[in-house]
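Read the structure below first, then the notes.
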Amino acid sequence: MLSLMIAMFSAAFSQNAIVINKTNGSTITIAIDEISKITFGNISETAKPSANRPIYIIGDVNSWNNSDITTMLALFKENSNSDNAVYTYTGYLPVGYFKFLPEEALNSYKALCFKSEGKLEYLEQDGGAFYNAEAGYKTISVNVNDMAYNISSYDASGANEWQAVGVIGEFCGWANEPKMTQYSADNKHIWNLELTLPSLTEGATHPVKFRANESWGSRWAANDPEAVPFGKAIFLTKDEYDPNIVLHSGGNYHIVFNDLTGHYIFIKK
């Protein structure tokens with residue numbers, strides 16, 4: 001008699017036989033009197049990271065440091081909606097290997113790894129790294145619901161290279177804002193800042209925005225004032241209405257801003 005293991009199949013039972021529908025559309029029919037044992041294997045969904053927390057690029061770009069987020073390249077989102085599972089990065093990428101590290105996997109090597117062309121898997125393994133063969137500007141998209149990715153070239157030749165970008169708001173009297181730091185000499189459009197904001201009284205907020213070269217003629221206003229921690233700002237140069245990004249608590253923030261796309265992250269530490 002046969003010993004049958006069923007996993008990832010659908011099966012129809014009749015009086016005299018079992019008809020198994022395979023995932024490729026074919027079927028297997030086995031007479032019941034030929035079966036001595038049926039074992040149901042584990043059926044589990046592909047592991048996925050949270051779609052509401054930051055994801056970073058680690059690898060040769062930061063000597064595979066898996067703990068210090070200030071050394072990593074952050075992926076951004078268009079908004080902070082809980083159903084938005086698409087992360088993006090547009091910026092310089094050097095030659096080398098890399099993976100995508102979700103915040104929940106910091107201090108480990110569990111990461112979003114290469115599974116097959118366009119597909120990801122979330123696990124800890126020695127292999128599975130992506131390889132960037134040509135240094136330059138790229139746009140990367142990662143969908144953690146579909147466990148899919150896409151990488152394409154990006155033309156940054158016409159982009160402004162700002163001397164300074166800062167985070168400005170009521171906390172600094174809307175002047176003399178603290179300046180952000182460029183990620184690297186090659187990656188001049190990704191900016192980072194560690195910022196401590198004072199505590200707030202009940203109902204108060206911290207309104208902030210980004211501006212370049214201490215000029216109100218080069219500023220980024222909120223597309224959605226409540227889009228925190230993930231959001232996208234709009235570049236403005238004139239007297240247009242320019243709503244602020246609204247933070248509802250003081251404390252220590254790790255802020256990342258992309259002046260190519262206007263994407264930002266405010267990570268409360």
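Annotations
- Full-stretch length increase - Tyr109, Ala185 - with 0.36 nm per residue and alpha-carbon distance subtracted: 24.6 nm
- Amide proton proximity set for Tyr137, modelled H, under 5 Å, gap of 5+: Leu93, Tyr154
- Cβ-Cβ FRET estimate between Tyr241 and Asp68, R0 fixed at 30 Å, reported to 0.05: 0.20
- Mean separation of Cα contacts under 8 Å (6+ apart) over length of region 55-153, as relative contact order %: 28 percent
- 3J(HN,Hα) along region 149-160, derived from phi through the Karplus expression 6.51 cos²θ - 1.76 cosθ + 1.60 where θ = phi - 60°, amounts to 9, 8, 10, 9, 6, 10, 8, 9, 5, x, 7, 5 Hz, with x in place of Gly and Pro.
- Taken one residue at a time, the phi angles of region 118-125 give Karplus couplings (6.51, -1.76, 1.60, θ = phi - 60°) of x, 10, 10, 9, 10, 6, 9, 7 Hz. Gly and Pro are set to x.
- Taking 12 Å as the cut-off, the amide N atoms of region 166-196 that come nearer than this to a point 7 Å along the Cα-to-beta-carbon line of Lys269 belong to 193-196.
- Note on Ser249 and Cys172: their simple-model spin labels are 2.3 nm apart, each label 7 Å out from Cα toward Cβ.
- HN-Hα J in Hz across region 231-237 - Karplus 6.51, -1.76, 1.60, θ = phi - 60°, x for Gly and Pro: x, 9, 9, 10, 7, 10, 10
No value in this document is a laboratory result; all are computed from the given coordinates. The shown structure was predicted, so the numbers you read here are calculated from the model rather than taken from an experiment. Here the Cβ is made from the backbone with ideal geometry for all residues, glycine too, and neighbour counts use every protein chain on show.
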